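Structure first, then comments.
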Ligand code: GLN
């Protein structure tokens, strides 16, 4: 790894803090509405075992939709390609919580990273298991990936979202009406809200993302063909209707969440986690996206 990475990260941290536009935090989850937007942390875990960080890399944040990568990995491990009968693999070109496309496409969500798709993936994971077991399996996968047992679900965030999750309830009930939900909406959504409420620091998330790097230097959690496919979905669908813009600006597979986290993968090289809770108009971290674009350019990191 180039020796100037620590300097690049500390300069990035300084640059991000010198600008006053931090974006808006996700106020539709009341428990997240009070978070100060002017925070920024970044961490890079490399295939050769190094960890570099700058800024608020030790502050836990709600990973929200970043969890969808981990739940998809667990669901594919369990159900294999059967899962694709219930959910597609195409970019949606719509907001993460869009309802209109789901009706037009008769209840088969476009991809596993929009809310409707992740609700179906969660529902699939509940087959033959109670919510507690399913959540235990997801959290254990994340802890193993991060080699860190100190990763937990924030119950208050999960309950806060459940109490105000009307759009997600609308999506789940519509899925149920088309036969693409096997469990009661309350049960699937309760599980979904809880895995979205997993908290990690940027350092922990960068460590957890290493299973997607695909390097012989790292312990293998899933096989390389599946790693490549998860990365393909992250590139095409990981930022919702901002996926094209992110690929254009950053050129790396990545997954965002409304908690302000982004996990990006440099295949064969590194896992990068950036966090800044203020969001852009797509619901992706404003400063996180800017920082990823600068880091990728300065490091010469791109899959293209
Ligand atoms: N839990 C959030 C929701 O369902 C996740 C959305 C996101 O991070 N984009 O709305």
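The values are calculated or read from the model by the stated rules, or taken from the named source; none is laboratory data. As the structure is a computational prediction, the values presented were derived from the model and not from experiment. For neighbour counting, all protein chains shown are included, and Cβ atoms are generated from backbone atoms with ideal geometry for every residue, glycine included.
Structure summary
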{"read-out": "Residue tally, condition assigned to a loop (DSSP other than H, G, I, E, B) and surrounded by 21 or more Cβ atoms within 10 Å (Cβ to Cβ), over the stretch 27-55", "value": "2"}
{"read-out": "Listing of strands (runs of 3 or more DSSP E) fully contained in the stretch 233-304 that carry 1 or more residues being within 12 Å of the ligand (Cβ to nearest atom), touching a helix residue (DSSP H, G or I) at 6+ places or on another chain (Cβ under 7 Å) and modelled with pLDDT of 95 or more", "value": "254-256, 261-266"}
{"read-out": "Pairs with Cβ under 6 Å, 6+ apart, first in the stretch 142-164 and touching a residue at least 24 places away in the same chain (Cβ under 8 Å) and under 19 Å from residue 69 (Cα atoms), second within 14 Å of the ligand (Cβ to nearest atom) and in a helix (DSSP H, G or I)", "value": "142/70; 153/194; 158/193; 158/194"}
{"read-out": "Test: residue in the stretch 203-214 that is touching a residue at least 24 places away in the same chain (Cβ under 8 Å), within 14 Å of the ligand (Cβ to nearest atom), within 25 Å of residue 22 (Cα to Cα) and in a helix (DSSP H, G or I)", "value": "yes"}
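Here's the yes/no breakdown for (1) within 14 Å of the ligand (Cβ to nearest atom); (2) within 20 Å of the chain's Cα centre (by Cα):
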{"residue": "3", "(1), (2)": "no, no"}
{"residue": "11", "(1), (2)": "no, no"}
{"residue": "26", "(1), (2)": "yes, yes"}
{"residue": "33", "(1), (2)": "yes, yes"}
{"residue": "42", "(1), (2)": "no, yes"}
{"residue": "50", "(1), (2)": "no, no"}
{"residue": "54", "(1), (2)": "no, no"}
{"residue": "58", "(1), (2)": "no, yes"}
{"residue": "62", "(1), (2)": "yes, yes"}
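Residues are listed down the side, and each one gets a yes or a no for (1) closer than 27 Å to residue 224 by Cβ; (2) within 19 Å of the chain's Cα centre (by Cα):
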| site | (1), (2) |
| --- | --- |
| 66 | yes, yes |
| 70 | yes, yes |
| 78 | yes, no |
| 84 | yes, no |
| 87 | yes, yes |
| 93 | no, yes |
| 99 | no, no |
| 106 | no, no |
| 113 | yes, yes |
